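A short write-up of the structure that comes next.
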Amino acid sequence: MDVSADFDSVFKRMLDSNVCTNDASLYVYSACFFEAKGRLRDAHTIYKLGISKNAEPIKWLEKAYTLFLSRISEICNAASSQKADYKESTTLENDGINPWDTSTLNDLLKKINPLIAKFDGYRSSTKSYTGKVALSTLKNASRNKVIDIGGMKYLIKGCAGQGGFAQVYKANVNSDPDDVVALKIQKPAFPWEFYMYRQLDQRISGRERSSYGFAHKIHLYSDYSILICDYLANGTLQDVINSYLVIGKSMEEVLCIYYTTEMLHMIETLHDVGLIHGDFKPDNLLVRYSRGNLTEEGFLDRSGSWGDQGLCLVDWGRGIDLHLFPDHTIFKGDCRTSGFRCIEMQEDKPWKFQVDAYGLCGVVHTMLHNCYMEIVKKESSNGSSVYLPKLPFKRYWNADLWKTFFTKMLNNYPCHDDRKLLQELKKSFQDYMVSDPQLIKKLKELLAKQRVSLCSAY
């Protein structure tokens, strides 16, 4: 790398050719080189990639990464002390960027297209899709049709979801009933979601990764794109909510608390690596179940049998990669998803992490009340006002726990670093759950009952 003007290509070629990819020295020395060139974000990505691959010796790699973070922290502290006033003023003057605007997305795609093209699973053609079965006909009757994609045959077993621009189908690869995938067919072609999935691969490692969905391939044509993803057969959180709605009941509070804790952890992990989902709602949260029986042990740290239990956040078409924008960028624009438009969108103010925070609140409200959240502005005792859900909390709920959650999530939400708040709220729910052994026992029973009643439908 030191003797090459195109050192990016050297590193990428080594990765593509699987040269030293399990050796920590590849990542440590490459990251140091990028750091020396002032490319700190690239260096950070390389360290995280090496750790995600568990390159050996992993302790040396982790120590080098810790020292790198320490150096960056010193740089940031020095810069912030000198430029705090400047940064604050520029933030206030920034009206915001609409991350979903067509021109914004096109500009970003042009910028990152060379990177996307090198990702594993990327397939592109300048021609239109020419399979025997026209993709446009799948909307009307898709079941048991076979479509050809990249030399593979996919037997469509049914529609798993539809939107204005995309349809998602359950399919068997080469008619193998044990090889099931989800096909997201979109017109016009849309490679952005594939890019977001590959960023998740690079930035989120270990057991956390299974909480955000996987994309195997994308096939791009001049008219369509086909994204091939994992298929989870357990339904969505919306299906769980609906199962209570049809019998005229609301989800039990202990189950609401469990899923709220899971979602707080998911968003904390996501925002910590510079990614925003942008479309956080119960339809996009797939349910995951443990491979074995749940035990009392491991609940707090999500270990053991609890590691597989939880939720999986999918549909990354509205995802935002903060690494593609200048530091302290704020956003504008309306997601136009009824019931999930954050307060800032409703008041035409700039936002950032609030879009996911409000979405999470909307999901929690739907679990508690079986309806979308409406908010009202309430006067507090000190003369100020706060936003709270319009519907009251039921008398047999832990009202203080929920009031604290909604008050902090809906009012003055941190714009640039929300980890501390999310951690505090998560801990408050966890502390409540472990305060009484009967709560976790009841949770296990409810999850087992939910699994039996819902999984047979998928």
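A few notes on this one:
- Sole residue being of a type outside the set (D, E) and under 14 Å from the mean Cα position of the chain (by Cα), chosen from L286, L220: L286
- Counting only residues that are of a type in the set (D, E), within 16 Å of F299 (Cα to Cα) and not in a helix (DSSP H, G or I), the range 415-440 holds 1 of them.
- A search for C-beta distances below 7 Å between a residue of the range 276-298 that is farther than 30 Å from C415 by Cβ and any residue that is part of a strand (DSSP E or B), counting only pairs 6+ apart in sequence or on different chains, returns V287/T236; V287/L311; R288/G310; R288/L311; R288/C312.
- Condition check for L255: among the hydrophobic types (A, V, I, L, M, F, W, C), touching a residue at least 60 places away in the same chain (Cβ under 8 Å), touching a strand residue (DSSP E or B) at 6+ places or on another chain (Cβ under 9 Å) and outside any strand (DSSP E or B): no
Here's the yes/no breakdown for (1) modelled with pLDDT of 80 or more; (2) among the hydrophobic types (A, V, I, L, M, F, W, C):
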position	(1), (2)
S4	no, no
V19	yes, yes
K53	yes, no
Y65	yes, no
S73	no, no
C76	no, yes
T104	yes, no
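- Among (1) crowded, with 22+ Cβ neighbours inside 10 Å; (2) more than 15 Å from L311 (Cβ to Cβ) - the single one L237 does not satisfy: (2)
The values are calculated or read from the model by the stated rules, or taken from the named source; none is laboratory data. None of the values given here were measured: they were computed from a predicted structure. Counting neighbours? That spans all protein chains shown, and the Cβs are built from the backbone with ideal geometry, glycine included.
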